[in-house]
Structure formats: C-alpha cells, structure tokens
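Worksheet: the structure to be examined is printed underneath.
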Amino acid sequence: MMALIAALAFDAARLEAMRTKIHAAVNAEAVSGVVMLVQHRGKPVFSDAYGLANRAEKLPMRPDTIFQVMSMTKPIVAIAVMMCVEAGDLNLDDPVERYIPAFQGISVRENGRLRTPARRLTVRHLLTHTGGLGSIDPGGLDDDAKRKLTLAVYADMIPTEPLRRDPGTAMEYSGLGFSTLGRIVEVVSKMPLERFMEERIFRPLGMRDTAFFLRPADHARAAYTYVEGMQPLEPNPFRLGARLANPAGGLYSTAADMATLLQTIADGGRRGKTRLLSAAGVEAMTTVQTGNLPVDGGDGQGVGLGFFVVRGAAGQSTLKSIGTFGHTGAFGTEFWADRKRGIVAVFLAQGLDNVSPVRRTFNTMLNAAFDR
C-alpha cells in the first residue's frame, strides 16, 4: 500500500527515500512486511503498509494489521502502575511483598550461596529493571505451560527463584519484574489486569484493536512471524487456549493504536477529555531513573519508569535526540517519541534478528528527514 507523505516539518524527498529503502528490504525478503506510522505534533506525516502479513495466503500488510507487540507491552503496564500510584493505591518505593506476600523472605544467590538482600525489592526497582530478577521463567516453565496459568498463580511462582543480585545495584532487563507489576495492578485495583487495561486505558483512548487476547473475528488481520529466509516461526500468532494476560509481552495491537497511546504520553498524559496521567507522572516515566548504571553494557540509554530513554551520544546511533523515549518488542516492533521535536514514530514487523537492520534504517532515515 502506498504511503501518505506530508512534508510539514520533514523533508518530503527524504521521507520518500525512506519508503523506497524499506520497500526494497521487503522485496529482498529481509522482512516479510512492515507497517510504519509517523506523527508530528499529533498530526500524521507518514504512513505506509507494505509486504505480506500472511505469506501462505498472500495476505498483504494493511494499516490495521494486528501485531504481537511483545515487550512494547511493558511500558503500557508501567502506565497502569503509575495510574495506581497517582490514585494513591500504592507508592513507587513500596516493597513488593506488601502486595504479593510470596515475595517475603526472597533471597539473593551470590557465589552459589543464598543470603538476605541488602535492601528490599520495591515497585521502582521493577519499573527500572533493577530488581535483580532476570527473565528466566521459574520452575522451568515453557511458554505453552505459562500461558495456561493465571497471572496470580504465575506471580506467586516468581519468588521461588532467588534474585540474581541485590535490588538497585544493576540494570538487568526483566520480564519477570513486569509480570510482578501486572499482578500488583490486579491486587490494588481488585480487577484482572486485562480488564483494568481495557477499561482504564484502551477504551478511553479509543484503542479498539489492542488486547491481551486476540478475538477470533480478528484472526485474519494478524501478521505472522517470519525469520531469516522467510521461514514461519511457530507457533501461530493466535495463542489458542491462553489464560495469562502477560504483562511482559502479551499485547496485540496496531500502528494506529500504539501511536495513540504514545502520543497521549508525549502530550503530557492527556488525550482530549481523557487524562491517563499527570504531567508530573509522565515526566517521571520519561526521565532516566537509573543514574549512571550501565544499560545494555553502555551509557547510551537509561531507564525511566517503564520506558528506555536516550541519555548519551551512544544512544544516538539512529540519530535519535537525547531525551527520546520508547520501547522495542522481540518480534521487531518499536515505538518512540521525541517530545522536543514533536515526533511519535511506530514501526511494526514480525520477525527476529532479520528485522533489526530494517528497523534501524527506518529510525535513522526518519530522523535524518526532520527538517526543523
């Protein structure tokens, strides 16, 4: 599908060159297909859907194709946590065990021995990936077994494994931390996470295509995941029989819905008459909270509350400005916002390592096209 290209604050010729380059990557089968959407000050300046969502049935990518956005779920769960914080239901520095008693007495494994942590694990630690939990599922669970659990049962299993290090001492990306946060939202709101997200975030923002469980009527709109050589990645995208609303990476969504969500945050937490968060809450989420701790082994990025934030020159490898915040997903998805320049960008594809070079090209060429 041809793109909408409007110049506004961008060089239209450079946006066109970006489209051509991404299409060439799809044509060369570096990736099966993409959906891209860019907004400036809340107005669309570029949108494009190209390639195939389902290669077996030759179904094309469309603007409303539904993707597994994977870890882009994490900052949205963080928004839910912050909504609970602003409602007075919990505090950032509360110990996790206050809400999930199974965390009482959790230990740290150090040099093969168990000991008491030097400090208690808190909500803030989980939001900043500094809790020491890691991302390996407890008890040797595989994905299929995990999906059949409720979030309450799964969260109680997490502290059966010791922490990898003391909370607050290192940044280590942790899906388990966000699974724990999702359960905390359930405890303090007294409703399932999927219902909280639907009633408090998705429905008020008009995000009709975002959910933890894909409706059967929407199966035909789902993008399949293709790895290098355009081989399909099993299982299929429907997760049939799943019960777990996975806070670490379980959402389905579209480019338009993800842009709506991130634009709301970039605009200070408000969309029209709907206020998700205060301006102060947004500032906290999008400001580096991890100090000088290395993130992914370097100082190019820091972590806010759920969002990764560009904080130094090494984080500008795709020409993103310092202060740009966002998140990626394991299957090749990403959204990011540059509040200073007014940019909200969404890139959606479904693959693994094969997607990363294409996504980097999109980010770099988009930033290079900004003309003001």
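Throughout, read-outs are computed from the coordinates displayed, never taken from laboratory work. Everything numeric in this text was worked out from a predicted model, so none of it was measured. In this analysis, Cβ positions are derived from the backbone assuming ideal geometry, glycine residues included, and neighbour counts consider all displayed protein chains.
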Exercise. Using alpha carbons only, how many degrees (0 to 90, rounded to 10) separate the axis of helix 73-86 from the longest principal axis of the chain?
Worked result: 60
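FRET efficiency for residue 148 and residue 217, Cβ-Cβ distance as r, R0 = 25 Å, nearest 0.05? If you can, show how the numbers build up before the last one.
Details: r = 23 Å, r/R0 = 0.93.
With a Förster radius of 25 Å, E is 0.60.
Let me know the shape class of the stretch 164-301, please: from the alpha-carbon gyration tensor, a ≥ b ≥ c as square roots of the eigenvalues, rounded when a/c is under 1.5, otherwise prolate if a/b is greater than b/c, or oblate.
Oblate, because a/c is 1.5 or more while a/b does not exceed b/c.
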Exercise. Along the charge dipole of the stretch 227-365, which of 294, 269, 310 sits closest to the positive end, that is, farthest toward it, with unit charges on the beta carbon of Lys, Arg, Asp and Glu (+1, +1, -1, -1)?
Worked result: 269
Exercise. For the chain, what is the calculated [θ] at 222 nm in deg cm²/dmol (nearest 500), taking -39500 (n - 2.57) for each run of four or more DSSP H residues and dividing by its residue count?
Worked result: -8000 deg cm²/dmol
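What is the stretch 232-297 by shape, rounded, prolate or oblate, if you read a ≥ b ≥ c off the alpha carbon gyration tensor as root eigenvalues and call it rounded for a/c under 1.5, prolate for a/b larger than b/c, and oblate otherwise? Don't jump to the answer; show the numbers that get you there.
Details: a/c = 2.54, a/b = 1.38, b/c = 1.85.
Taking the square roots of the gyration eigenvalues as a ≥ b ≥ c, the stretch 232-297 is oblate.
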For this session: Using just the alpha carbons, could you tell me how many Å³ per residue the convex hull of the stretch 90-196 encloses?
Result: 96
Problem set entry | When the stretch 150-203 is reduced to its Cα atoms, the Kirkwood hydrodynamic radius in Å | 12.5
Exercise. Residue 173 to residue 195: extension gain in nm, 0.36 nm per residue of separation minus the Cα-Cα distance?
Worked result: 5.3 nm
Seminar exercise, completed: Tilt, helix 255-266 to longest principal axis of the chain (alpha-carbon atoms), in degrees rounded to tens, equals 60
For this session: In debye, nearest 20, what is the charge dipole magnitude of the chain about its Cα centre with +1 on Lys and Arg Cβ and -1 on Asp and Glu Cβ, if you could check?
Result: 660
For this session: Determine which lysines satisfy two conditions relative to residue 148: a Cα distance under 27 Å, and not lying fewer than 8 residues away in the same chain.
Result: 74, 190
Exercise. Hey, rough spin-label estimate for residue 104 and residue 280, points 7 angstrom out along Cα→Cβ, what's it come to in nanometres?
Worked result: 3.3
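Nearest 0.05, what FRET efficiency do residue 113 and residue 356 give at R0 = 30 Å with Cβ-Cβ as r?
Approximately 0.20, to the nearest 0.05.
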For this session: For the stretch 200-274 and the stretch 86-101, write down the distance between their C-alpha centroids in whole Å.
Result: 27
Exercise. For the chain, what number results from the quotient of the Cα radius of gyration and 2.2 N^0.38 Å?
Worked result: 0.96
Exercise. Could you give the dipole magnitude of the stretch 67-204 about its Cα centre, charging the beta-carbon of Lys and Arg +1 and that of Asp and Glu -1, in debye to the nearest 20?
Worked result: 220
For this session: Assign unit charges at the C-beta atoms only (+1 for Lys and Arg, -1 for Asp and Glu), then state the dipole size of the stretch 265-372 relative to its Cα centre in Debye, rounded to the nearest 20.
Result: 480
For this session: Taking only the C-alpha atoms, wrap a convex hull around the stretch 70-112 and report its volume per residue in Å³ as a whole number.
Result: 121
For this session: Quote to one decimal, in nm, the extra length available between residue 86 and residue 17 on full extension: 0.36 nm per residue of separation minus the C-alpha distance between them.
Result: 20.5 nm
For this session: Could you work out how far helix 12-27 tilts from the main Cα principal axis of the chain, as a 0 to 90 degree angle to the nearest 10?
Result: 80
Exercise. Taking a label point 7 Å from the Cα of residue 62 along the Cα→Cβ vector, which residues of the stretch 207-233 have an amide N closer than 12 Å to it?
Worked result: 218-223
